[in-house]
């Protein structure tokens with residue numbers, strides 16, 4: 001067996017916020033668009049996903065995660081992929097990453 005003393009150890013504390021997420025039992029369909037979804041259907045699904053996020057106790061943790069790892073698809077922390085992309089483009093993601101709440 002290899003020397004494991006250099007490994008960082010367990011990292012589950014990085015993911016514990018997910019246990020309290022409002023979306024935990026909802027599945028992914030609401031938060032990730034199917035191929036080819038456009039227009040009013042996509043807007044309605046995104047709006048419904050954002051309603052769940054608005055009531056979520058770990059919304060900021062979720063958004064922080066999405067920005068930190070560069071999630072490119074889906075609604076995370078109440079923002080769509082396009083909204084997160086715009087946030088990163090103007091550099092506002094740093095404040096979301098550093099805020100604690």
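Read-outs: derived from the displayed coordinates by stated rules, not from any lab. Because the structure is predicted, anything quoted here is derived from the model rather than measured. So basically every Cβ, Gly included, is an ideal-geometry build from the backbone, and we count neighbours across all protein chains shown.
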ask   = Relative to the present Cα-Cα distance, how much length would full extension add between residue 83 and residue 11 at 0.36 nm per residue of separation?
value = 23.0 nm
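Listed highest first by mean packing, meaning other Cβ atoms within 10 Å per residue, what order do 11-19, 55-63, 27-35 come in?
Working: 11-19: 10.3, 55-63: 17.8, 27-35: 12.4.
Top of the packing list down: 55-63, 27-35, 11-19.
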